[in-house]
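Taking it in order: structure first as structure tokens, then the write-up.
Readers should treat all values here as calculations from the given coordinates under stated rules, not as data from a laboratory. This one's a predicted model, so the numbers in the text were calculated from it and none came from an experiment. FYI the Cβ positions are ideal-geometry reconstructions off the backbone, even for glycines, and counts take in every protein chain you see.
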Amino acid sequence: MSMIQELNCKIEWKGTANFSAGRRGRKPIAIVNHITAGLLPGALSWLQNPASRVSTHFLISRQGQIFQLVKEEDTAWANGIVNQPNWVLYDGSNPNFYTLSIEHEALAGDSLSEEQYQASLCLHRLLVSRFHIAVDEEHIIGHYRIDSINRSNCPGSRFPWKRLFSDLKGEKEETGEMPEKWKTELMKEAKNLGLITDQHKPDDPAPKWFVLAVALNLLKQKNN
């Protein structure tokens, strides 16, 4: 089994025969979150069983292990049944062709374990970065948005949506507030002067190399 480490995410390949090759020319535009409503190893076996006719791109265990069953460029069988959807990006075609699916090992009504949440956060960051997926409530959704009748509790009321969006956006979870206005203005001025880039956020920690880089940029501007 191959292990892939990217953005500190460890992803273990498991594979399944339950997928369709390619995406019929589509690209992933959204991430759909699920719960398995069952526990490992049974949940993994079911996703690998040809008789089930279901699969997912990723499965995250209660211990925080990330298993990959379907390649991102291929179509997993996770979201194809549409029933009274409440999702503005649904275009009438099979959502599997333009979504990525993440299953979380959990029973109905369960919260994610902390290890599971951190793994899910890491995986979301990886997929958001790789496929340029917007961090909002239309591009990162639950299965219930596609099937509001039979999957109304997937991933359930205890799924940590607020925390996930807060962490993905770099906001402060405890208050849900954006950085203070003076910090934003300071960062904007520093960016306009060429001292920092768009990748830096107001409340990011500043290691010594960063302080030195800003100082060197300032000295270069004075010398010019």
note = From the cross-link list Lys27/Lys169; Lys191/Lys220; Lys162/Lys191; Lys71/Lys162; Lys14/Lys71, the entries with a Cα-Cα span beyond 21 Å are Lys27/Lys169; Lys162/Lys191; Lys71/Lys162
ask   = Can you list the HN-Hα couplings for region 152-163, worked out from phi with the Karplus curve (6.51, -1.76, 1.60; θ = phi - 60°), rounded to whole Hz and with x for Gly and Pro?
value = 5, 10, 10, x, x, 5, 9, 5, x, 4, 4, 5
remark   = Label model pair Gln63, Arg158: point-to-point distance (7 angstrom along the Cα→beta-carbon line) in nm is 2.1 nm
query = What FRET efficiency would be calculated for the residue pair Val135, Ala17, taking the C-beta separation as r and a Förster radius of 35 Å, to the nearest 0.05?
reply = 0.60
ask   = Where the Cα atoms of region 28-80 are projected onto their three principal axes, how long is each span, largest first, in whole Å?
value = 28, 27, 17
message = As an exercise, use a Förster radius of 45 Å and the Cβ-Cβ distance of Leu107 and Asn223 to find the FRET efficiency, rounded to the nearest 0.05.
response = 0.10
request  = Can you pull the one-decimal nm distance between simple spin-label points at Asn150 and Val88, each 7 Å off the Cα toward Cβ?
outcome  = 2.8 nm
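Give me the Kirkwood hydrodynamic radius of region 3-169 in Å, from all C-alpha pairs, to one decimal place?
The answer is 15.7 Å.
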ask   = So who's got an amide H within less than 5 Å of the one on Thr99, skipping anything under 5 residues away but keeping other chains? H placed 1.01 Å off N, in plane.
value = Ile29
remark   = Per residue, the convex hull enclosing the alpha carbons of region 68-138 has a volume in Å³ of 130 Å³
